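One structure below.
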Amino acid sequence: MSASSKKKLRSAQEAGKLTERQLNEQKEAKKLKTYTTIFTVALVAILAIAIFAGVTQFISNSGIREKNTVAVTVGEHEISNAEFNYYYTDAINNFYNSYGTYAAMFGLDVTKPLNEQYVDEEAGITWADDFMNSAKNSAASTYALCDAAKAAGYTLSEAELESVDSAMMNMKGYALLYQYGDLDTYLKAMYGTAANEKSFREYYEMNTLASSYYNAYAEGLTYDSAALKAAYDEAPAEYAAYSYNTYYINATTYREGGTEDEEGVITYSDEEKAAAVEAAEADAKALTAEEIDSLEALDAAIAALEVNAGAETAPASSAYEDTAYGSVNSVYRDWVTSTDRKAGDLTYIASESTSTDEEGNETTTVNGYYVIYFNGMNDNTFALKNVRHILVAFEGGTYDQATNTTTYSDEEKAAAKAKAEELYEQWKAGEATEDSFAALANEKSADGDGTTGGLYEDVYPGQMVTNFNDWCYDESRKAGDTGIVESPYGYHIMFFVGNSETNYRDFQIENNLRSHDTEHWYSDLIAAMTITDGNTAYIATDLVLSKG
């Protein structure tokens, strides 16, 4: 699923982040309704005009026009302006919540109306148009997945419906917190006068169903050993991990001469730049000479370079351990991941950039050289881990809105630790079996829904927070081991079930196949979903996101 599709669902807290323009419009609408009532009562002489104004305002506030005007048709579904406003507003909020004050980097001025500034002026596409297009694509995605779910007889589980109920309850809480009185008023402030609890819940449920079915489809794909082997044989290097050291020689460090202007800016001639590159390559060659036969020898040679003379700390190579294929720098990835690479291999590779002038002529510039020392390759055929845990979460804490983090005092952490130790001793004093641990997890753990016994299967490296991960992957770990580890969330009482039957390499291959096949299926669904424009006259294309 695309990034935009995966982020369609907005949490209650995100839904509470209203644009100033929307809030002000809601306040003005309330004032206008009050003024209309006063004039209708007081000015009998122009009663007909007052009634007309009152009816017009009633129509505007009721959202009748928005509900009965088709904004866009996706497939066979006619989406009214009222419903489309959910997609449109969320497209804006998604962008604004993601980038906020950095929106200017993308060319968006949050103090100006969206329909008065361009994403692509030459094509005549305004920011309002761009958000409209995002909303149309989001609507098409949601309906395509919901149609597919319906065709497959797939519905939301009880737990998922309960999560929708919970989200709606949270939104009601926010409505009271922000003094809107009720959820309908809150939603109107957020999504326009046609919004209400019933239609928003339908929108929320549809997005939940779309996301749930996408995940269910992906999880339902299975692959046999022959499929895994075939995928591995096509690209074996992509499923290994690599250990190596690198040292970067920056050519600019070797520049000499130059011309300094009145402002102190130094410029270098092409000849001076070329000489610097030549000097940098000479050092790269020296670092890869035959006598450099170990990592220690390489680091000693790096420290001995004339360019590093006088350094407070002896420069050395940087180590990369068990680095995934995709995380290896593309400049030297092919060399590092070559199937004939062996421990102790050493080379240097140029780091280049290419620029194109107005006439289309390309110029390649050498920026420096990477010296790479190969330490070894891990084929990732080690077993994944199965583990149970009971989370005793920290309570209290101080929330920092600026960083969106919560910090806990030593006393709060100590309280969680004491509770974890108490539960741990309680388990050890009983049957002290995996089954009794699972039962206690269902009853006491702050993680999970109380039905899984705290079980995590096929835990892969890096999936969990550091302490949790390190405990699971300790080389001495064996089935039945227990202990307590701390994480940013609290204290975890651990029970090591044992090694999984799945190894990490097969896990990666299967995930890649599943991701590829699911995206292909999803793309076909979207391609088959036509989008036909309607009348979007009631969509607020002139929104101003901030007063500045």
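The values are calculated or read from the model by the stated rules, or taken from the named source; none is laboratory data. Everything numeric in this text was worked out from a predicted model, so none of it was measured. Glycine also receives a Cβ, built like all others from the backbone with ideal geometry; neighbour counts cover every protein chain displayed. What goes into the accessible areas is simple: the full protein's heavy atoms, side chains included, and nothing from ligands, DNA or RNA. Shrake-Rupley method; radii C 1.70, N 1.55, O 1.52, S 1.80 Å.
General remarks:
- Solvent accessible area, Å² - S330, 1.4 Å probe, full protein context: 80 Å²
- Three-way shape call for region 146-275 based on the alpha-carbon gyration tensor, with the a/c threshold at 1.5: oblate
- Centroid-to-centroid separation of region 519-548 and region 186-251 [C-alpha atoms, Å]: 21 Å
- Along the chain, longest interval not containing exposed GluC sites (Glu not before Pro), exposed being DSSP loop plus at most 10 other Cβ atoms within 10 Å: 123-255
- Violating pairs (Cα-Cα greater than 18 angstrom) within the set K67/K198; K385/K478; K385/K428; K417/K444; K67/K188; K150/K198: K385/K428; K150/K198
- Translational diffusion coefficient (Stokes-Einstein; Kirkwood radius from C-alpha pairs) of region 283-385 at 25 °C, 0.890 mPa s, in µm²/s: 153 µm²/s
- Only Cα sites of the chain enter the Debye sum here, all with the same form factor; the resulting log10 I(q)/I(0) across q = 0.06, 0.11 1/Å is -0.50, -1.28, listed in q order.
- A simple rule links phi to the HN-Hα coupling: the Karplus curve 6.51 cos²θ - 1.76 cosθ + 1.60 with θ = phi - 60°, which for region 136-148 gives 4, 5, 5, 5, 4, 4, 4, 5, 4, 5, 5, 4, 5 Hz, with x for Gly and Pro.
- Once the Cβ-Cβ distance of A439 and T482 is raised to the sixth power relative to R0 = 22 Å, the FRET efficiency obtained is 0.90.
- Angle between the chain longest axis and helix 410-429 axis [Cα atoms, degrees, rounded to 10]: 80 degrees
- Rounded percent of accessible protein surface that carbon and sulfur make up, the chain, 1.4 Å probe: 48 percent
- Heavy atoms of H516 accessible to a 1.4 Å probe, total area in Å² rounded to 10: 120 Å²
- The share of C-alpha pairs in region 129-213 whose separation exceeds 19 Å stands at 49 percent.
- Between the helical axis of 270-287 and the longest alpha-carbon principal axis of the chain there is an angle of about 60 degrees.
- C-alpha center-to-center spacing [region 278-342, region 82-135] in angstrom: 46 Å
- Applying a DSSP loop filter and a limit of 13 other Cβ atoms within 10 Å to the trypsin sites (Lys or Arg not before Pro) in region 325-417 leaves K342.
- Average accessible surface area per residue within region 428-480, 1.4 Å rolling probe, Å²: 60 Å²
- The C-alpha atoms of the chain define a longest principal axis, and helix 225-234 lies at about 70 degrees to it.
- In this simple spin-label model, placing a label point 7 Å from the Cα along the Cα-to-Cβ direction at both A230 and T356 gives a separation of 3.8 nm.
- Whole-number percent relative contact order across region 70-209, with pairs defined as alpha carbons under 8 Å at least 6 apart: 24 percent
- Average Cα contact separation per residue, region 295-417, under 8 Å, 6 or more apart, as relative contact order %: 15 percent
- Summed over the residues of region 129-278 and divided among them, the accessible surface reaches 52 Å² per residue at a probe radius of 1.4 Å.
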